[in-house]
Amino acid sequence: MTKICCLGAGYVGGPTCAVIAYKCPDVQVTIVDLNAERIAAWNSDELPIFEPGLDEVVKACRGRNLFFSADVDKGILEADLIFVSVNTPTKKSGVGAGFAADLAYVESATRRIARVATTPKIVIEKSTVPCRTAESMRAILEANSRQNIRFDILSNPEFLAEGTAIADLMNPDRVLIGSLQTPEGFAAQKALADVYAHWVPREKIITMGLWSSELSKLAANALLAQRISSVNALSAICEATGADVDEVAYACGLDSRIGPKFLKASVGFGGSCFQKDILNLVYLSESLHLPEVAEYWKQVVTMNEYQKSRFAELVIRRLFNTITNKHLAVFGFAFKKNTGDTRESPAITLVKHFLQEKAHIHIYDPKVEESQIELDLCNPDVATPEQYKSHVKVYNSPYEAAKDVDAIVVLTEWDEFKTLDYRKVFNSMNKPAFIFDGRLILDTQKLRKIGFQVEVIGRQA
Ligand code: UDX
Ligand code: ADP
């Protein structure tokens, strides 16, 4: 029986390896993490992450061929293939701060594999990492392992999107496996391809060199984020001219060379990947002495920041140029629908703007816990704990959140926001009642009929 161990039970390692276990009953999968609390949650009825379909997959194979454990060393010792899916946040200090990836977790996981392993391993880089990380991992493994233990390194970037992770994993557009172009590298590539081939058609499993594979992940995310920043840049032109950004995106998306996806204007993209990966690309370009290339990609992030502050300014301007002491309901705190993840969520930046203007914020999100919202906002970059206590309140119901507020600001495209009883909401609000749609999901005509003052990104008032 093939044995797989995954280091890191997060948004990537958890769902990915759960689906491998689900699709490969003849493979034993153990997911380990340094965080024992997180492991306990994976072993409970209340999984640590919300992802549609994940509960069913975990329930079907946990205890059968899927195990969650805090015993990292045992996991490493037993495995033939080891996925490294630990976190790689943007560096906060030191060289490359604000751009480069912090590889401390990858390095410490790699050192641990080298220290513990007593048999040959295929080590698979799964976290999104800068180019050349595989090379560093190989150097660490070779310099620190017992004699005669063979390590092969593969790059197998994950392309799942949160909220649709299970569907993406079950039916991926492609599986990418990078390796050294040597006979041993090809053999390792084949071993991993054989695992995916349990459910992914062979023609969708593509192989290439390590560098191409590592860069492809950064490139795919940069290209996707670039589309959003492009359509968001157009949304500003639409607001100024009377064009409708949804119509423009629709017309452009019908061109088969462009395609319809990732053209939805919004209050800005969030999530753990887009910004981080683009900043990685910027840093890489600068290190390669390609300043023009760096500047080109940086603009995608700059446009995203502009979109968020533009929306905050719109709210303030429409509320008679001041929101001081006014009450605003924020609908949605997650970075997208169908996830409880708030990493880089535009809601954090928007609430920061509103708090700087001394507004009172009522937050409602169907999946984000209050403790997470507090953690995100009580951050030196956002607000003080005192500001949070006096000016932020988290609600369990959108109706409660909207009571006695001057405006509703929709920041996440949760389906339930489309079907609320907006007449009831309107009646409970201060007048004039404003609603700002940062996701272009609401029926604006209906809302105007009820009496709302409606503002939508990419449309003239
Ligand atoms: C992304 C990539 O899609 C995925 O392939 C990669 O593995 C990880 O990064 P994720 O961040 O989970 O996935 O979600 P995604 O669906 O890409 O959305 C990212 C952000 O862009 C969200 O804030 C979303 O609301 C926003 N977005 C997306 C738009 O504003 N408009 C769009 O048209 C699409
Ligand atoms: P991602 O979205 O990339 O999956 P997460 O932060 O959700 O990132 O998950 C990464 C996980 O990796 C965390 O739960 C963290 O505790 C775990 N981790 C970090 N370093 C190690 C390590 N050396 N060994 C095992 N797990 C680790």
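The values are calculated or read from the model by the stated rules, or taken from the named source; none is laboratory data. Nothing here was measured: the structure is a model prediction, and the numbers come from that model. Glycine gets a Cβ as well: all are built from the backbone with ideal geometry, and neighbour counts include every protein chain shown. Please note that ligands, DNA and RNA were not included when accessible areas were found on the heavy atoms of the full protein model with its side chains. Shrake-Rupley method; radii C 1.70, N 1.55, O 1.52, S 1.80 Å.
How much of the accessible area of region 147-284, probe 1.4 Å, is carbon plus sulfur, in whole percent?
Heavy-atom surface of region 147-284 belonging to carbon and sulfur, 1.4 Å probe: 60 percent.
For the chain, calculate the relative contact order in percent as a whole number, restricting contacts to Cα pairs under 8 Å that are 6 or more residues apart.
12
Can you list residues from other chains, or at least 5 along the same chain, whose modelled amide H is less than 5 Å from the amide H of residue 175?
It is 205, 206, by chain and number.
Rounded, prolate or oblate: pick one for region 27-127, where a ≥ b ≥ c are the square roots of the eigenvalues of its C-alpha gyration tensor, a/c under 1.5 means rounded, and failing that, prolate if a/b is larger than b/c, else oblate.
The shape class here is oblate.
Whenever you get a sec, compute what percent of the accessible area on region 1-88 sits on carbon and sulfur atoms (1.4 Å probe). Working shown, then result.
Working: 1660 of 3440 Å².
With neighbouring chains kept in place, the figure for region 1-88 is 48 percent.
In the P(r) worked out for the chain, what percent of Cα pairs fall beyond 35 Å?
On the way: 38080 of 106030 pairs.
Of all Cα-Cα pairs in the chain, 36 percent lie more than 35 Å apart.
Could you pull out every one of the lysines with an alpha carbon less than 23 Å from that of residue 3, ignoring same-chain neighbours closer than 8 positions?
23, 59, 74, 121, 126, 190
Where both residues lie in the chain, what percent of DSSP beta bridges are antiparallel, nearest 5? Before the final figure, lay out the partial values.
Working: 3 of 53 bridges.
That works out to approximately 5 percent antiparallel.
Could you derive backbone 3J(HN,Hα) for region 239-253 from the dihedral phi with the Karplus parameters 6.51, -1.76 and 1.60 (θ = phi - 60°), listing whole Hz in sequence and x where the residue is Gly or Pro?
Using θ = phi - 60°, the values come out as 4, 7, 10, x, 6, 10, 5, 5, 5, 5, 5, 4, 4, 5, x Hz.
How high is the relative contact order of region 394-456, given as a whole-number percent (alpha carbon pairs under 8 Å, six or more residues apart)?
The normalised contact order for region 394-456 reaches 35 percent.
Lone cysteines in the chain, defined as no other cysteine's Cβ under 4.7 Å from theirs: which are they?
5, 24, 61, 131, 238, 252, 273, 378 - these cysteines have no disulfide-compatible partner (Cβ-Cβ under 4.7 Å) in the chain.
In whole Å, how far is the Cα centre of region 320-387 from that of region 126-188?
Taking the Cα centre of region 126-188 as reference, the centre of region 320-387 is 37 Å away.
Over region 197-314, with the other protein chains present, what is the accessible area per residue in square angstrom, probe 1.4 angstrom?
48
Pairs 308/449; 403/449; 276/352: which are spaced more than 24 Å apart, C-alpha to C-alpha?
Flagged as over cut-off: 308/449.
Summing -39500 (n - 2.57) over the DSSP H runs of n ≥ 4 in the chain and dividing by its residue number, what mean residue ellipticity at 222 nm do you reach, to the nearest 500 deg cm²/dmol?
Computed mean residue ellipticity for the chain: -13500 deg cm²/dmol.
How high is the relative contact order of region 305-461, in percent, with contacts defined as C-alpha pairs under 8 Å that are six or more residues apart?
Over region 305-461, the number comes to 23 percent.
Averaged per residue, what accessible surface does region 60-106 expose to a 1.4 Å probe, in Å²?
Solvent-accessible surface per residue comes out at 45 Å².
For a quick check: with amide H placed at 1.01 Å from N, whose amide H comes under 5 Å from residue 154's, ignoring anything fewer than 5 positions away on the same chain?
123, 124, 125
Give the residue list of trypsin sites (Lys or Arg not before Pro) in region 269-346 that are DSSP loop and have at most 15 other beta-carbon atoms within 10 angstrom.
none
Of the accessible area of region 380-447, with the probe set at 1.4 angstrom, what percent is carbon plus sulfur?
On the way: 1600 of 3330 Å².
Of the solvent-accessible surface of region 380-447, carbon and sulfur hold 48 percent.
Using the Cα centre as the reference, give the magnitude of the dipole from point charges on the C-beta atoms of region 340-391 (Lys, Arg: +1; Asp, Glu: -1; all else neutral), rounded to the nearest 20 debye.
160
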